[in-house]
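To keep things clear, I will list the structure first and then write my remarks on it.
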Amino acid sequence: MSSKKNFLKLIITCLLLIFVAVITVCKRSTLQTIATEKEFNKQSQILTEEPILPLPTELELDTGKVALGEKLFNDVKLSEDNTISCASCHNLKLGGTDNLAFSVGIKGQVGEINAPTVFNSTYNFKQFWDGRAETLEDQIDGPTHSSKEMGSNWEVIVDKIKASTEYSTEFASLYQDGVNARNIKDAIAAFERSLITPNSRFDQYLKGYEEILTSDEKEGYRLFKSVGCISCHQGINVGGNLFEEFGVMGKYFKDRGNITEADLGRYNVTKQEYDRYVFKVPTLRNIEQTSPYFHDGSVEKLENAVEVMSKYQLGRKLSQSEISYIVKFLKTLNGDYVRYIK
Amino acid sequence: MNIRLHHIAIGIGMISLMTFLFFKTNVIDSEAHNRFSSDLRYLKELDATIDKNLLESRYGLLNSYDKLNNEIEQVKLLSERLKSIPAFMDQNEKEQLKILLSKYKGLEEQKELLVERFKSRNAIINNSLRYFPVITSNLIKNISQESSKINVKEDINYLLRDTLIFYLLKDGRAENEIKKDIEKLKNSKEIQLSEENKTDLEICIAHAETILKLKPEVDGLIREAVALPTDIQIEEMIKFYDSSYNQSLKLTNYYRLFLYIFSIFLLAYIAYIIIRLNRATKELNTLNESLEQRVQKRTEELLWSNAELQRSEANNSALLHAIPDSMWRTNINGIFLDLIPSKDEQEIMLKDNWVGKTIFEVLPETVANQTLELAQKSLSSGEPQVFEYQLERNEQVYHYESRIAVCGESEILTIVRDITEGKKVAEALRENEAKYRDLFDNAPVAYHELDTEGRFVRINRTEELLLGYTSDELKGRHPWEIVVEKVSRDATKAKLTGKQQLQAVERTFIRKDGKLISVLNEDRMIYDKDGKVAGIRSTLQDITHRKRVEAEALVISEIIQGVSMTSNLKELLKHIHQSISKLLYAENCFVALYNPAHDILDLPLFVDKYDDVTPNYKLGKGMTSYVFRNERPMLLTQEKIRQLIEDAEIEMVGTPPAIWLGVPLRTPKGIIGVLVVQHYEDVNAYNLRDLELLTSVGDQIALAIERKRAEEALKASEERFQSAFDYAPIGICLTSPTGDFQQVNHSLCEIVGYSKEELLTKSFRDITHPDDLAVSNATFNRLVSGELKTSRLEKRYIHKLGHQILALTSLSLVCNSQNDPLYIIAQTQDITEQKFLAEQLQRGQKLESIGQLAAGIAHEINTPTQYVGDNTRFLRDSFNDLAKVLKKTDELLEDCRQNGVQSEFLTELEEIVKFTDTGYLIDEIPVAIEEALSGVDRIGKIVQSMKDFAHPGVEDKQAADLNRAIESTITVASNEWKYVAEMVTNFDPTLPPVPCFIGEFNQVVLNMIVNAAHAIADVVGATGQGKGIIKISTKLEGDWAEIRISDTGAGIPEEIRNKIFDPFFTTKEVGKGTGQGLAISHAAIVEKHKGTIALESKVGDGTTFIINLPIKEELS
């Protein structure tokens, strides 16, 4: 009798359990709508008809990583013989370049291609002249490993960095797994993302402060658009968003002579014939400060650079006055770099 | 012990089964599902956006490639995110989805490569396209100022035309023409262009070549990129994912159903156990009763035989104590005589305390009263009486059953049993039943049962809510009375007879309020205990919502399809309207698009029951404008509208609706307009869900509209080119290879006087002058056969009104890629007027030159006339003198004959002879005669030359001796040159007669001589040094007669060389020339004689004109 009573109790408990379970299941079973993610709205851009967009003035970055990255950027430990740092060739006081046709690496070796500016490189759609790196992080492998540049490798670099207690504590505070190649690259890339040059006079003009440009500079911008420079040098970085062949309207390399492997450009990456002599279109921001020009550093003066471009890329003759207007416009693209960590 | 283990095992088994089912019903993580599913759909949307942006870049609608780059980056991020597949999919499905995903990634990478290449090429071709026409027209302008290279100019024009045609046509038809044009230009580059123009020409060719090369490449890249089946791949992923999701959902539903069924089964099992328990209790009761009777008997025996009682008291009391019941004996008044409490109640019923007391003292009054009452009854009837009562003790309710029997004559035996436990079981059973009832009623699944006739037996509360009917209302009715589908009646019967398999089906039920709801209906048979069909048990799952989500997805995909299916914005909107109507009530619907140019809202779609079509209205204070400005979707009831009007936010336009729903049409660039639906009667026509739905659909619509607009812009530009064709100032037509007109423009219609429709039914032969038909046909056939690519001919057409028109027609053949002739483009220019003027001019010039020559010729004739006169006069005077001498000689002869020789006569004669100087006369007279004769000859020659030169209008070509003709012209013109130049001629005697219009030829030579003389005169006049030289030579050069006329004048400066054949161009001072000479010469030699005229000139050294005439007359 009493065992039966207990059994009854057990069953009732079970029943209650079932009931609770059923209710829970049913509650969950109501179909939910497919969330229509309005990701478009996130992208709501400045409504401008101009093909060039101003750089942002505010960034949201991890200050710790930026500070660490800055230290690494300036640290010669990244090179084999402790002579070269990133800043050696990307001097922030020289427009993010070294103002040399070809940079000088460890043991006085001369490189094969002109060092592009590190400023605003985060806005380039790919990195290197031949676009072989997709991200800033990937890019760092290039110079650190190149025998003519830093001539090192991650094993060595990580060991050197680990040897410094200061670095070790900083890494430990920012990254769970401490010092390793991925974190070093992450920190340097974070710093590089902070290297932007907003508030150029031209950006201010784009934001509606029209009087800031002289009429000559405005004429220069008009010419820049009308003669076709804008076809390639466009977007937020005034370049850096497409590949283009150098010498579409004339044989630049034949005329220049002495073709090197670096001149093959993107062909070196894809081995496709259509990529021969194809390069990433470089940014024109701060162009006044980044002489000499082109991947071969062959031109010193901006006027001459514009002339070469008009001849080989646009296939048209520009008059001297037109060139001087365009150059005046280009000089309005100089922005201000403000250290992210104040 | 075994039984307990058995039950525990069953318990654990059931719990684990329930847990298993519970987890099975819970496998779908709806959050992960929503995320994955929306990622997939977003990916699809991005893919379409990339295609759209590609097309926009192609047509220069996109400012920069940043957008494209961002989208590609997002696609990459998304496809990375899609790698984490929701957990409910099984391993196999995951693998398959991963394969689909990696396939898609491959396509996506391919697409990115294509996009990269496209960006590069597109930038170049756009530049070239912009610059090419500019440099070409500059070049043409510059060349026009230079030399005679009309051909070059024409060729450049052809290049421009062909290149633009090539760019506009889709199939690269003009490619060969461009190549030919370029070849031609490259060849002609060498001749007489200034350095600057040469470089310009090179640039021009380079751009043309760039366009030629890149246009197909860019188009190809776009085609390839857009044709990559990324969307299909995504669609496949979506399909695959959705199907496996639905499968899992179905499976989960099955598990859910199992869970319910299992629960019901469990309930049934519990009920079964309870019934068994009841039965056990009854058995116990019977046992008890028999025991009671025995006890009663025994008690009676006890009472009646005291001794026996006392003797076996110990035994009895032990026995009595063993019974679970309490017993007492009272007298008729309720005074306790004896008491045997049950084992459990010994503590309460204290024997010593109770005996002697009345029952009123120890039991509640009601129980006591009832006991006495029943005791009376028992006394009178002799039957034992039973009643139940409750007592509350220690805050617990105890149930007792009291049996009252008469014991002897005045004593009452009461047996009280504690039935609390049994009561509790019964209570629990009742509760369970209520719970089951509750489960049935409140189960979240709508549930009903049908009897064997297919009639409703009952429906649960969820279903009541779902259908709006109460259970009672539906009882006895058939489901098909409230189902839309017609199959239900037969299906239900078929199911009941077991003829049809039970399947989950989607049904549309009509709610009591008339609304339709979609449900998933699943049936199960109910069997009675004999295993016969007792009815059907159905669950209904409301899938209206799911249906709607599906409908929404369908509508979105329809809208996307609509973009490609419809030909213009209006149609697209109509299509969109139809699609929306599937989602919600859209009898009153309009789309307002903002037109920033006029700050108005256009209404390209307007459907309304009451209001008339409004074409557009100013962006004002209407509700639509309100939504547009606030960029927020709004659901407005009449009340809200009133409030907004009160707040002066809006003003009412048109009929006030009962409910109004407006959503902004958003594109990434901003709001382009508003989509509005409204209902005039039903306030509940729309709800928030509709608002949300329409908002998301609205975004799709906005994108679709944007896309359509871009397309329309493209179309408009094509139309502009069509109108350029239509309204070109020269007549243009396309004819088939058979010569039938296929397309004609306005100008051509004007030239020939026929309407477009009339011309399109004709062939070019129908309007060609019969005399020119043979030549036209021959040329046309040579074009079609490919012998010629282009041709120009001057021919006559017959105007609709009958008169003839002289026209210059340029023909070119367009072939397809297999080189089959497609059609012929003809450009026709009416030159009737021009020709007439030219002829007038030529005639005028001839008269003019004859007039001019007249004075010179008069002078020419005057000179010989004068010395003929002088000599004749001298002869006359001489003759007078000689006459005297002769007379005297006659006299002397006479005298001598008569008188002999008289000396005086001789002296006289001698004197006269001396006086008249006969010797001189004898010497001079023959000379004078010769001179006079030569003068006469000269005059004769001049007159003959005049006659030759002015040759009475010969209409046909005749073989002529050019040497003689030139000789005559030199003579006729001698007055023009002889003062400034020496004439040196070098005629080739082997030159055969050349067929020509001699009058015109003479005119040309005269012009050349006069020009040469003028050129020399300028130099001689300026330097004052002697005379220049005019050299004229003829030479037989193969099939050509070459005439060179050179002078030692100043030469022709480079920059005017190309102008000298232009009409009215002259360097001479006013009055000295009309500027027609060389133009007419050019026309005469090139057009009439099919010859050539060219010049060599060196500044400072002089000029040579070289005329070549064909010796053989060709009739073509």
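The values are calculated or read from the model by the stated rules, or taken from the named source; none is laboratory data. None of these values were measured; they are calculated from a predicted model. Methodologically, a virtual Cβ is constructed for each residue, glycine included, from the backbone with ideal geometry; neighbour enumeration extends over all protein chains shown. Ligands, DNA and RNA are stripped out before the accessible areas are found, and what is left, the full protein with its side chains, is counted by its heavy atoms. Shrake-Rupley method; radii C 1.70, N 1.55, O 1.52, S 1.80 Å.
A few comments on the model shown:
- A:Lys311 being closer than 23 Å to A:Glu244 by Cα, assigned to a loop (DSSP other than H, G, I, E, B), open to solvent by 70 Å² or more (accessible area, probe 1.4 Å) and within 14 Å of chain B (Cβ to nearest Cβ): no
Residue by residue, here is whether (1) at pLDDT below 85; (2) in contact with a helix residue (DSSP H, G or I) (Cβ under 9 Å, 6 or more places away or on another chain); (3) over 22 Å from B:Phe725 (Cβ atoms); (4) among the aromatic types (Phe, Trp, Tyr) holds:
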site	(1), (2), (3), (4)
B:Val744	no, yes, no, no
B:Leu748	no, yes, no, no
B:Phe780	no, yes, no, yes
B:Glu787	yes, yes, yes, no
B:Thr809	no, yes, no, no
B:Cys815	yes, yes, no, no
B:Asp820	yes, no, yes, no
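- Among residues of the stretch B:354-381, those that are open to solvent by 60 Å² or more (accessible area, probe 1.4 Å) and at positive phi, counted: 0
- Number of positions in the stretch B:643-666 that are in contact with a His (Cβ under 8 Å, 6 or more places away or on another chain) and part of a helix (DSSP H, G or I): 0
- Residues located in the stretch B:655-669, provided they are within 30 Å of B:Lys67 (Cβ to Cβ) and either surrounded by fewer than 24 Cβ atoms within 10 Å (Cβ to Cβ) or within 14 Å of chain A (Cβ to nearest Cβ) (or both): B:Val663, B:Pro664, B:Leu665, B:Arg666, B:Thr667, B:Pro668, B:Lys669
Residues checked against (1) within 14 Å of another protein chain (Cβ to nearest Cβ); (2) open to solvent by 60 Å² or more (accessible area, probe 1.4 Å); (3) not in a helix (DSSP H, G or I):
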position: B:Glu112; (1), (2), (3): yes, no, no
position: B:Arg117; (1), (2), (3): yes, no, no
position: B:Val134; (1), (2), (3): yes, yes, no
position: B:Asn138; (1), (2), (3): yes, yes, no
position: B:Asn157; (1), (2), (3): no, yes, no
position: B:Arg161; (1), (2), (3): no, no, no
position: B:Asp171; (1), (2), (3): no, yes, yes
position: B:Ile178; (1), (2), (3): no, no, no
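- Any hit, the stretch B:965-972, residues being open to solvent by 40 Å² or more (accessible area, probe 1.4 Å) and not aliphatic (A, V, I, L, M): yes
- Qualifying positions in the stretch B:76-100 - within 12 Å of chain A (Cβ to nearest Cβ) and among the hydrophobic types (A, V, I, L, M, F, W, C): B:Leu77, B:Leu78
- Scanning the stretch B:690-721 for residues that are of a type in the set (S, T, N, Q) and either in contact with a strand residue (DSSP E or B) (Cβ under 6 Å, 6 or more places away or on another chain) or at pLDDT below 80 (or both) returns B:Thr695, B:Ser696, B:Ser717.
- Residues that are open to solvent by less than 50 Å² (accessible area, probe 1.4 Å), assigned to a loop (DSSP other than H, G, I, E, B) and touching a residue at least 60 places away in the same chain (Cβ under 8 Å) within the stretch A:135-149 are absent altogether.
- Conditions (1) assigned to a loop (DSSP other than H, G, I, E, B); (2) within 14 Å of chain B (Cβ to nearest Cβ); (3) without any contact (Cβ under 8 Å) to a residue 24 or more places away in the chain; number of the one not met by A:Gly239: (3)
- Meets criteria (in contact with a Ser or Thr (Cβ under 6 Å, 6 or more places away or on another chain), closer than 23 Å to A:Phe128 by Cβ and surrounded by fewer than 22 Cβ atoms within 10 Å (Cβ to Cβ)) for A:Asn91: no
- Check on B:Ala280, at pLDDT 85 or above, part of a helix (DSSP H, G or I), loosely packed, with under 15 Cβ neighbours inside 10 Å and within 9 Å of another protein chain (Cβ to nearest Cβ): yes
- If you filter the stretch B:248-277 down to residues that are over 18 Å from B:Phe23 (Cβ atoms) and among the aromatic types (Phe, Trp, Tyr), you find that the one that is nearest to the other protein chains (Cβ to nearest Cβ) is B:Tyr269.
- For the stretch A:252-274, the set of residues classified as out of contact with any helix residue (DSSP H, G or I) (no Cβ under 7 Å at 6 or more places or on another chain), outside any helix (DSSP H, G or I) and open to solvent by 50 Å² or more (accessible area, probe 1.4 Å) consists of A:Asn258, A:Thr260, A:Lys271, A:Gln272, listed by residue number.
- Which listed residue is among the basic types (Lys, Arg), within 14 Å of chain B (Cβ to nearest Cβ) and either in contact with a Cys (Cβ under 8 Å, 6 or more places away or on another chain) or more than 27 Å from A:Phe125 (Cβ to Cβ) (or both), from A:Lys251, A:Lys218: A:Lys251
Yes/no matrix, rows are residues, columns are (1) assigned to a helix (DSSP H, G or I); (2) within 35 Å of the chain's Cα centre (by Cα); (3) without any contact (Cβ under 8 Å) to a residue 24 or more places away in the chain; (4) surrounded by 14 or more Cβ atoms within 10 Å (Cβ to Cβ):
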position: B:Leu603; (1), (2), (3), (4): no, yes, yes, yes
position: B:Lys621; (1), (2), (3), (4): no, yes, no, yes
position: B:Thr624; (1), (2), (3), (4): yes, yes, no, yes
position: B:Arg632; (1), (2), (3), (4): no, yes, no, no
position: B:Leu636; (1), (2), (3), (4): no, no, no, yes
position: B:Ile641; (1), (2), (3), (4): yes, no, yes, yes
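- Considering the stretch B:395-411, the residues that are outside any strand (DSSP E or B), closer than 22 Å to B:Trp328 by Cβ and out of contact with any Leu (no Cβ under 7 Å at 6 or more places or on another chain) include one that is most open to solvent (accessible area, probe 1.4 Å), namely B:Glu409.
- Checked against (1) away from chain B (no Cβ under 14 Å); (2) in contact with a Leu (Cβ under 6 Å, 6 or more places away or on another chain), A:Ile140 passes all but condition (2).
- Qualifying position, being more than 14 Å from chain A (Cβ to nearest Cβ) and either β-branched (Val, Ile, Thr) or open to solvent by less than 30 Å² (accessible area, probe 1.4 Å) (or both), among B:Thr414, B:Thr420: B:Thr414
- Matching entry among B:Thr286, B:Thr252, B:Thr199, B:Thr299 (being β-branched (Val, Ile, Thr) and within 30 Å of B:Glu427 (Cα to Cα)): B:Thr286
- Sole residue being at pLDDT 75 or above, surrounded by 15 or more Cβ atoms within 10 Å (Cβ to Cβ) and of a type in the set (D, E, K, R), chosen from B:Glu506, B:Glu552, B:Glu571: B:Glu552
- At least 1 residues being within 60 Å of the chain's Cα centre (by Cα) is the threshold, and among the helices (runs of 4 or more DSSP H) wholly inside the stretch B:898-984 not one reaches it.
- Matching option when the condition is more than 22 Å from B:Leu46 (Cα to Cα), in contact (Cβ under 8 Å) with a residue 40 or more places away in the chain and crowded, with 20+ Cβ neighbours inside 10 Å, among B:Leu221, B:Leu214: B:Leu214
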